[in-house]
1. For the stretch 21-41, give me each residue that is under 10 Å from G9 (Cβ atoms) and in a strand (DSSP E or B).
2. Is at least one residue of the stretch 48-66 outside any helix (DSSP H, G or I), free of Cβ contacts under 8 Å to residues at least 24 places away in the same chain, over 19 Å from G8 (Cβ atoms) and of a type in the set (S, T, Y)?
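What follows draws every value from the coordinates through simple rules; no lab data is involved. Worth saying up front: this structure is predicted, and the values here are computed from it rather than measured. We place every Cβ from the backbone using ideal geometry, glycine too, and count neighbours over all the protein chains shown.
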Amino acid sequence: MSNSGAGGGYYWCLRHSRVETGDNMCAARDRLGPYPTSADAERALDKVAERNAEWDAEDARWTGESS
């Protein structure tokens, strides 16, 4: 694993399904973040799903489709 130039904060590793920080991080392409806390990083995939649902609903409103 490599830091890949990341700053501080907590990251969710998509490859290992865990919170990573400091020198113990996978490449940027394999992580989400940074997040201010470990708990926020643990919720990363939930946040992605929430945002996707919001954006899908907005797309449906924009195009006039019912969801």
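1. Across the stretch 21-41, the qualifying residues are G33, P34, Y35.
2. The answer is yes; a qualifying residue exists.
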